[in-house]
Structure formats: C-alpha cells, structure tokens
Amino acid sequence: MNLNQIRIEYVISFSDALFAFSITFMALSIQLPTFSSTITDSELTRRLGQLLIPSLIHYIVSFMVVGMYWISYHRIFEHIKHANITLLWLNLLFLLFIALVGYFTGLLTTYGTHRIVVLSFSGIMAASGFVLCLIWWYATHNRKLVDQNTDDNLIRYFLVRTFVSPLTFLTSIGISFINVQAAQYFWVVILPANIIIYMKHIPHLRRL
C-alpha cells in the first residue's frame, strides 16, 4: 500500500461537493430588494431593472465560468489515474479559490461599478484557472499521474483551453484601470476563444 496516494474518486467526489456549494452560495448572494408596498407597477419595473438585471448578469457570468471550470476539471480527471500528496494540495488550493467565488460574486453584484471589486473578482477567477492549469501540467509532466500513452496533442489541448479563462480575467485587470465596465465586458471573450481553440485542435482530437 502506497501511503502517498489516495483513491482518485474520493478527490473528485469531494471536489464536486464544493463546486455545488460554491454555485449555491453564488445564487444566495443575489439580494432581493425591498420596496414600499405603495410603489406603482411602472416604478417597480424600473427599479427592478436597475437593481436585479446587473446582479443577474454577474451571477450568470460567475455561474458559466465556474461551470466551465467544473467541466474542465472532470475532463482533466478522466485522464488522471492516480493522486499523490502534491496533487491533493494543488486540488485543495484550487477548491479554496472556487469556494471564494461565491463571496466575490456577492460583492460584484452589489458593488460592480467599483474597480477594487472587479479586481478582486477577476483575481479570484484567474487564480482558480491558473491552479487548474498547474494541476494538469503536474499530472502530465513526464506522464507522472496519467497513462504513459497519453497523446501529446490531448495534453496540449487541455492545457491551452484551461489557460484561456484565467488569462482573460488577468487581462481584464489591466483593462479595469482604463474602464471598469469595459473590463467586465471583456470577460465575454472566454466563449469565442474556447471555440477557436477547439476548432484548431479538433483535427488532432478526432484521431485519438
């Protein structure tokens, strides 16, 4: 028995539970506004649009990115066959950042016009993605925790695709010093960038 290893399914189960917690906490971060009972329908519609729509947009962005990290996480761990102590600590660091996403989403939905909040949210998202990249790099370096016959194109594809989201958030930090709102719009780049990377690598992936 190797005391330096733990069954990979335990790692994945624990991670899934924390992903679920993070997404639930994000939903709870959306605060319901309170209005006077005498408010008119037109005024209620206007106020809800002002308050709830930005909050919902921020929640959707957070949900989609965390969802993409969850999908990438499972795709990566489909190929990781063993888990040693180093991988466990990297995994815990990744989950630490994922758990904080809900808190910073709450800040973003309330104070999304402030640069420090956008910086904090982007930083957490970028840190989560970079650690996920590190997990994949560590597991595949010298085929340490994956099958020896794992294809180089597959390793490169997952590494590049996982790198897109954190790089986008890191770039948005720089943009926020020019325009806070533009920095948040820039997050949309993640989707077309992932599509482009997939289309570029699909000829190699089909041969696997």
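The values are calculated or read from the model by the stated rules, or taken from the named source; none is laboratory data. The shown structure was predicted, so the numbers you read here are calculated from the model rather than taken from an experiment. Virtual Cβ from ideal backbone geometry, glycine too; neighbours counted across all protein chains shown. Surface areas here come from the heavy atoms of the whole protein model, side chains and all, with no ligands, DNA or RNA. Shrake-Rupley method; radii C 1.70, N 1.55, O 1.52, S 1.80 Å.
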Tilt, helix 41-77 to longest principal axis of the chain (alpha-carbon atoms), in degrees rounded to tens, equals 0 degrees
Note the angle between two axes, namely the Cα long axis of helix 152-176 and the longest principal axis of the Cα atoms of the chain, as a number of degrees from 0 to 90, rounded to the nearest 10. 30 degrees
3J(HN,Hα) from dihedral phi, region 12-21, Karplus parametrisation 6.51/-1.76/1.60, rounded to Hz, x for glycine, proline: 5, 4, 4, 5, 4, 4, 6, 4, 4, 4
Lys, Arg +1 and Asp, Glu -1 on Cβ, resulting dipole of the chain about Cα centre, debye, nearest 20: 440 debye
With unit charges on the beta carbons (Lys and Arg positive, Asp and Glu negative) and the dipole taken about the Cα centre of the chain, which residue among L154, A127, I71 sits farthest to the positive side? L154
Pop out the carbon and sulfur fraction of the accessible area of region 95-208 as a percent, whole number, probe 1.4 Å. 66 percent
Mind listing P(r) for the chain? All alpha-carbon pairs, 10 Å bins, whole percents. 8, 31, 30, 19, 8, 3, 1, 0
Amide H proximity to S29 below 5 Å, modelled H, separation 5+ or other chain, gives none
Under a 1.4 Å probe, what is the accessible area of region 5-163 per residue, stated in Å²? 53 Å²
Above 21 angstrom, tally the Cα pairs of region 85-208 and express them as a % of all pairs, no decimals. 48 percent
Along region 80-94, Karplus-curve 3J(HN,Hα) (6.51, -1.76, 1.60; θ = phi - 60°) to the nearest Hz, with x for Gly and Pro, reads 7, 9, 9, 10, 9, 4, 4, 5, 4, 5, 5, 5, 5, 5, 4
Packing rank of 11-24, 117-130, 98-111, where each peptide gets the mean count of other beta carbons within 10 Å, highest leading: 117-130, 98-111, 11-24
List the trypsin sites (Lys or Arg not before Pro) within region 137-199 that DSSP assigns to loop and that have no more than 14 neighbouring Cβ atoms inside 10 Å. K144
Expected vector for region 191-198, Karplus 3J(HN,Hα) from phi with 6.51, -1.76, 1.60 and θ = phi - 60°, integer Hz, x for Gly and Pro, equals 5, x, 4, 5, 5, 4, 5, 5
